[in-house]
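K.L.:
Before we start, here is the structure in question, set down as structure tokens.
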Amino acid sequence: MELDELGQALSQCRSCPLRQDALGPVGWFGNPQSPIVFVGEGPGGVEDEYGCPLIGPSGQLLDKALWAAKMTRDRVLTTNVIKCRPKGNRTPDVAEADFCAKQWLDRELAIIQPKVIVALGGVAMHYLGNKDMRITRDRGQWFRTEQGFDCLATYHPAYLLRLYGRDLVKAKWDVFYDLEAARKRAEELAPGYQFMSEAKVDLFKLYQKRR
Ligand code: URA
């Protein structure tokens, strides 16, 4: 199955109750040939409205961090563990995350076959790694996913948006070094791939509100 076909199937998904409170499932954005894939938690309000992953405040911050680490959104691929926004933006529980990701994220990754995955935050790290991992302790460390992909976790941008002062500065540098390490690893494994376009992508020019 191709990624487009999987996207079509995803748009019809009604297999769990999360769909009832969302405008619709949110898939992935970016280049399916990318050797690097970023996996977030799940759509928030802006993502649900536009049908695009990581387009809201977290996504805007991610774009800045990617730019600093010499990557742009059109050249990488961004996606989420869960595809429908939980009501009130609550964190999905383990069962919800597992149920959704087994159906969708695992199949995306099987098609894309990325060289490197970056887990953004605890939910993605727990799904791709294991439930005993802790983001503050284990970020920046390489591990192998059950599907056999090399993966590194870093802080979720929403976490950075809640920090200030010295903690924020430190966390930003941690994220920068994690993203740089991931890009370098992907570069080694996919020599010649362009991780960056000349300009940042304005996702709001590409997506319209879906209601
Ligand atoms: N947070 C995520 O993890 N993913 C999104 O798509 C938006 C916010």
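K.L.:
So what are the range 49-176's ellipsoid semi-axes, whole angstrom, largest first, if each one is the square root of 5 times an eigenvalue of the alpha-carbon gyration tensor?
P.N.:
Output for the range 49-176: semi-axes of 21, 17, 16 Å.
K.L.:
Kindly flag which residue pairs out of K64/K170; K70/K184; K70/K200; K83/K200 have an alpha-carbon separation exceeding 19 Å in this structure.
P.N.:
Violating the 19 Å Cα-Cα cut-off are K83/K200.
K.L.:
A follow-up question, please. So how far, in whole Å, is the C-alpha centre of the range 83-159 from the one of the range 15-59?
P.N.:
Taking the Cα centre of each part, the range 83-159 and the range 15-59 sit 13 Å apart.
K.L.:
Could you order the peptides 14-21, 77-84, 54-61 from most to least packed, using the average number of other C-beta atoms within 10 Å per residue?
P.N.:
Sorting 14-21, 77-84, 54-61 by mean packing, highest first, produces 77-84, 54-61, 14-21.
K.L.:
Which of these, G45, G192, G30, has the largest mean-square fluctuation under a Gaussian network model of the chain (Cα springs below 10 Å)?
P.N.:
G192
K.L.:
Compare the Cα positions of A153, Q194, T136 along the charge dipole of the chain (+1 at Cβ of Lys, Arg; -1 at Cβ of Asp, Glu; about the Cα centre) and return the one farthest towards the positive end.
P.N.:
T136
K.L.:
Are there GluC sites (Glu not before Pro) in the range 1-93 that DSSP marks as loop and that have at most 13 other Cβ atoms within 10 Å, and which are they?
P.N.:
E2
Bear in mind that the values in this text are calculations on the coordinates, not laboratory data. Bear in mind that the values here come from a model prediction, so they are computed numbers and not experimental data. Because the Cβ atoms are built from the backbone with ideal geometry, glycine has one as well, and the counts that use them run over all protein chains shown.
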